1. Go ahead and run the numbers for FRET between Arg175 and Asp237, Cβ-Cβ distance against an R0 of 22 Å, rounding to 0.05.
2. Given the options Phe329, Phe165, Phe220, state which has the largest fluctuation in a GNM of the chain using a 10 Å cut-off (strictly under) for Cα springs.
3. With the Cα gyration tensor of segment 1-65 giving a ≥ b ≥ c as the square roots of its eigenvalues, does the rule (a/c under 1.5 for rounded; else a/b larger than b/c for prolate; else oblate) give rounded, prolate or oblate?
4. Would you mind checking the tilt of helix 189-204 against the longest principal axis of the Cα atoms of the chain, expressed as 0 to 90 degrees and rounded to 10?
5. Projected onto the charge dipole of the chain (+1 at Lys/Arg Cβ, -1 at Asp/Glu Cβ, origin at the Cα centre), which of Ser245, Trp124, Leu51 gives the Cα projection farthest towards the positive end?
6. Any idea what the dipole of the chain comes to, in debye rounded to 20, about its Cα centre with Lys/Arg Cβ at +1 and Asp/Glu Cβ at -1?
7. Based on DSSP loop calls and a cut-off of at most 14 other Cβ atoms within 10 Å, the longest stretch of the chain free of exposed trypsin sites (Lys or Arg not before Pro) is what?
8. With each run of n ≥ 4 DSSP H residues scored as -39500 (n - 2.57), what mean residue ellipticity at 222 nm is computed for the chain after dividing by its residue count and rounding to the nearest 500 deg cm²/dmol?
Amino acid sequence: VEKRKALLTEHVRGQVAKTLALPGPEAAGLQQPLSELGMDSLMAVELRNALARSVERELPSTLLFDYPTVAKLVDYIFKEVFAAEPAPGKVESAKPTTRHEEAIAIIGMGCRFPGGVHSPETFWQLLRAGRDAISEVPRSRWNIDEYYDPNPEAPGKMYVRKGGFIHDIDKFDPRFFGISPREAVSMDPQQRLLLEVTWEALEHAGLVPERMAGSLTGVFIGLSTGDYAQMQAVTLDPARIDAYSGTGNASSIAAGRLSYTLGLQGPNLAVDTACSSSLVALHLACQSLRNGEANLALAGGVNAILAPGATINFSKARMLAADGHCKTFDASADGYVRGEGCGMVVLKRLSEAQKEGDTILAVIRGSAINQDG
């Protein structure tokens, strides 16, 4: 046993060294976190795949999150892969899949993105055509000429002129959702987008929104910006503050309004983990389905860029690409570009989606979360 484990340790250290381009296996300490050696998320996937091929077994997608050192990797593979192999002549029964391990089906989608995207189909068309959805800041948001300065140190200025903006963010039919025009004025456009896109996602899934009342459907929404509230705080006369001023801008209400409007009875929460908010919302939705807290889940995120403040802030932090374009994994990468939009998916446990004949667009096998979301 010890000899086999020693050979496995040598093999794992070799794979780590190869993935990280280390001078040799000995450079990978047994107890040293691989992140300290330069392991990032892409390398983690590469290492997981290499180890899976070498041991001829499927390994979990969260392998490097759960076992972040060589020693822990070796222990896991030795106990769960090698030690789990049945003895010659012994037939091992298949391990039953529990609800906590069940895959999650995506049965509906809705979205509103830059480039005129108003549905999953138009989003796919944009991707296939390779169209650029980035544009100069619309005059309806702010006058870019007043705020632009190529010098990052210029006070109160931004060194970018572009971003990803959606059309008609100010357009909304409040009466369709049983909302009075007076209340709609106080509603953050992010709340309006969530209502519209959620409705579209349910219809895309073949569900009738009006018949959702009383269902054990959960709502998990990622959002982290509040430009509309900031704009109102600057311009609003205190005498004009009414009952809708708070509910129209609270993150909790952005999620809660969906459950209230549709009459949903499952868990409801808003998630703010900055850039990963919608992914974490999706992770929590999957957990809720597996735990039996919900039979159906709505998971998604929304972002609206309405005021210049955050862009000025990010310019001072040198976080943004000067040309308004991300150049991911390229030597010329110099920052990212801000964008807005809304996306929503309808989720159901895979076994139930198959039993009920739902259209399965994709399957989520697993997810993980750490301190960065």
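1. Between Arg175 and Asp237 the formula returns 0.25.
2. Largest GNM mean-square fluctuation: Phe329.
3. Numbers: a/c = 1.71, a/b = 1.08, b/c = 1.58.
Because a/c hits 1.5 or more and a/b fails to exceed b/c, segment 1-65 counts as oblate.
4. Helix 189-204 and the main axis of the chain meet at about 60 degrees.
5. Going by the Cα projections, it comes out as Leu51.
6. On the way: 37 positive and 44 negative charges, 119 e Å.
Result for the chain is approximately 580 debye, rounded to the nearest 20.
7. Longest run free of exposed loop sites: 172-317.
8. Values: 14 runs with 134 residues, N = 373.
Mean residue ellipticity, 222 nm, calculated: -10500 deg cm²/dmol.
Coordinate-derived values only; no laboratory data. Treat the numbers as computed from the prediction; the structure is a model and nothing was measured. Cβ: placed from backbone, ideal geometry, glycine included. Neighbour counts: every protein chain shown.
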